1. Which one of the conditions (1) farther than 29 Å from Lys346 by Cα; (2) open to solvent by less than 30 Å² (accessible area, probe 1.4 Å) does Ile156 fail to meet, given that it meets all the rest?
2. Look through Leu375, Leu316, Leu325 and report the one residue that is open to solvent by less than 80 Å² (accessible area, probe 1.4 Å), in contact (Cβ under 8 Å) with a residue 40 or more places away in the chain and either under 20 Å from Glu410 (Cβ atoms) or not in a helix (DSSP H, G or I) (or both).
3. Please determine, by comparing only the residues of region 164-194 that are part of a loop (DSSP other than H, G, I, E, B) and of a type in the set (Gly, Ala, Ser), which one is surrounded by the most Cβ atoms within 10 Å (Cβ to Cβ).
4. Could you please find all residues in region 88-141 being of a type in the set (Phe, Trp, Tyr) and farther than 13 Å from Glu310 by Cβ?
5. Please work out which residue is nearest to Asp270 (Cα to Cα), limiting yourself to region 337-370 and to residues that are without any contact (Cβ under 8 Å) to a residue 60 or more places away in the chain and among the polar types (S, T, N, Q).
6. Enumerate the pairs (first residue in region 215-243 and in contact (Cβ under 8 Å) with a residue 12 or more places away in the chain; second residue anywhere and of a type outside the set (Val, Ile, Thr) and open to solvent by 80 Å² or more (accessible area, probe 1.4 Å)) with beta-carbon separation below 6 Å, excluding pairs fewer than 6 apart on the same chain, so at least 6 apart or on different chains.
7. Could you say which residue among Gly420, Gly428, Gly439 is at pLDDT 60 or above, farther than 20 Å from Leu364 by Cα and out of contact with any Pro (no Cβ under 9 Å at 6 or more places or on another chain)?
Amino acid sequence: MKKNNPPDGMPVWFDGKNINEALFCEEFLQTHKILFTNGAFFTSEGRVTDELPLRGEIFEELKCCAVSNIPRKISNIVELMKLVALVEDFPPEPDRIHLSNGTLFLDGKFVEGKPEIVRNRFPVAYNPGASKPILWLKFLDGLLYPEDIPTLQEYIGYCLIPSNKGQRMMVIKGNGGEGKSQIGAVLGTLFGSNMKDGSIGKISENRFARADLEHILLCVDDDMRMEALRQTNYVKSIVTAQGKMDLERKGKQSYQGWMCARLLAFSNGDLQALFDRSNGFYRRQLVLTTKEKPAGRVDDPDLAEKMKAEVEGILLWAFEGLQRLAANNFKFTESQRTKDNREAVKRDNNNIFDFLESEGYIRLKADSTISSKELYEIYQMWCEENNLTALKRRSFSDAVISNQGKYNLEYCNRITNTAGRRVWGFFGIEAIARPHINGVSTVSEDTYVPWQDE
């Protein structure tokens, strides 16, 4: 077949009547740095979040050709480009931060320019001479306790790189009106399209929500719902992901994608789980509490905009926190208050700790045993007498088993019950009180009770 040659002065992909879409893509990719993977285009500016500018560039190339139905041609070219520019993998680079004027490496080295295609680029310039962010630091000093500010500094720095080595999410908790949500507004300027507003509750409930966080570095829940999460596996998997994970979009086959989104929530209460009583859920949380709002404080409605003007200095401040975190092997600085906050959240959601540490019901004793059934019956009695809601039988057993190391217990099936049969239970617990019999609780004979001497 005779090949039509392009008219004089016309591009090679146009024969005077028709556009050769494959040749157009080939030529276009020679002059534009772009690749396609995991359902998105990437350029030297980072992920393409809006295809309209790309379509506009294609139109500028095509408008010299007098052909009909240009919009359809553009759509065909974009779809074809997804095949031509396709790469199998495009892994994150956790040792560097791509900024508007170059690349800042974790060791402090900075290289100017944007020669390579990247997954993420921040809309902020690296300026080592940037002024100290006075307003930002003053705001944080009024919001948080001094010993907790380094934790926030490290966490924001941690979110600058595509890595989940820290294995933590952050919750900043207050009674309301302290101004904590201003942090999210400032971070929006620092992160740009690399940050997304979201909902921890939605992530926990919707199996498609994780895919919405693909390519994102930070998800901010500005007003976390107070309802306990019915399931926590989706949230935990995001916090601890260290590689590709299974992602799913509506109506599409699930696929393996990189997940580097970190979670930051602002709330008036704690992040609780309805059924998950494991240490794993709580140890993943960094819980910071705000100071009380001073009486008579007059808030500046323009404070966020003023702090955004300090974004170059805030970047340096956050990078300092990142370097400190990396030097400490990604172990966050935690004040005793932060540690106590996490323990309090865990105890509030799981009264087995108070039960195991109670007096008059059980005794922790190395050479003693108790069946799981008897322990749960005593626990139910303790809840009833203390006007508390008892956990379901399975939840109670799982909670005690997951904390057996803390209380020097051993869960096994070598326990002999009162009927002489071998059952599941615990070494290390002795029953003192017995479940109610005809409305009266009984106590072991060797236990001293004050009212017996009256």
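The values are calculated or read from the model by the stated rules, or taken from the named source; none is laboratory data. Keep in mind it's a predicted model, so treat the numbers as computed, not measured. Cβ placement follows ideal geometry from the backbone for every residue including glycine, while neighbour counts extend to all protein chains displayed. These area figures cover heavy atoms from the full protein model, side chains too; ligands, DNA and RNA do not enter into them. Shrake-Rupley method; radii C 1.70, N 1.55, O 1.52, S 1.80 Å.
1. (1)
2. Leu375
3. Gly166
4. As a first pass, look at region 88-141 and keep what is of a type in the set (Phe, Trp, Tyr): 90, 105, 110, 122, 126, 136, 139.
If the condition is that a residue be of a type in the set (Phe, Trp, Tyr) and farther than 13 Å from Glu310 by Cβ, then Phe90, Phe105, Phe110, Phe122, Tyr126 are the ones that fit.
5. Per the criteria, the residue is Asn351.
6. Final answer for the pair search is Val220/Asp197.
7. Values: Gly428 fails: farther than 20 Å from Leu364 by Cα; Gly439 fails: at pLDDT 60 or above.
On inspection, the qualifying residue turns out to be Gly420.
One line per residue, one yes/no per condition, for (1) in a loop (DSSP other than H, G, I, E, B); (2) more than 23 Å from the chain's Cα centre (by Cα):
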{"position": "Arg119", "(1), (2)": "yes, no"}
{"position": "Asn127", "(1), (2)": "yes, yes"}
{"position": "Trp136", "(1), (2)": "no, yes"}
{"position": "Phe139", "(1), (2)": "no, yes"}
{"position": "Gly142", "(1), (2)": "no, yes"}
{"position": "Gln153", "(1), (2)": "no, no"}
